[in-house]
Amino acid sequence: MRNIIVIMLALTLPACAAGSAATTASSTQASRPTVAAILAKPAAVPTPQVMQKSGLDAVIGAQANALIQQFGAARIDLIEGDARKLQFSGDRCVLDIFLYPLSAGAAPVATHVEARLRSTGADTDRSSCIAELED
């Protein structure tokens, strides 16, 4: 009988220790915010700087669907958080258009444009690249 009591005690002690560790882990997790709480908070949207260069009027301020209608299917369509990058490619140049929301909850619009030569990767005139891609 004494052996049975010793065996039962030996089996229950690890369970008590595991329960203590589980309690510590759950109390640590309880102090962390839940995913739902994080998502429920309205995120502050920094106001992006909008590029103001001549020759970009047909692009700056446009939403993604308008840009796709203007230039055709994007070679790259990358969404990261509330930002979006569309890349269009022609025979001579590659055009990267960056879209950001101008206010919380707003649809992202084109705020910045970069253009480079396909052959060398060197920067090229943005409006010339836009004209090439529109043809």
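The values are calculated or read from the model by the stated rules, or taken from the named source; none is laboratory data. Note that the coordinates shown come from a computational prediction; the quantities given were computed from them, not determined experimentally. Here Cβ is always computed from backbone atoms with ideal geometry, including for glycine, and neighbour counts include all displayed protein chains. Note: areas computed on protein heavy atoms with side chains; ligands, DNA, RNA excluded. Shrake-Rupley method; radii C 1.70, N 1.55, O 1.52, S 1.80 Å.
Selection within region 62-110: residues that are of a type outside the set (S, T, N, Q), over 26 Å from residue 120 (Cα atoms) and part of a strand (DSSP E or B). The member of this set that is nearest to the chain's Cα centre (by Cα) is 80. Selection over region 73-104 of residues that are open to solvent by 20 Å² or more (accessible area, probe 1.4 Å), over 15 Å from residue 49 (Cβ atoms) and either polar (S, T, N, Q) or touching a residue at least 24 places away in the same chain (Cβ under 8 Å) (or both) gives a count of 6.
When region 105-131 is filtered for residues that are at pLDDT 95 or above and more than 20 Å from residue 52 (Cα to Cα), the ones remaining, listed by number, are 117, 118, 119, 120, 121, 122.
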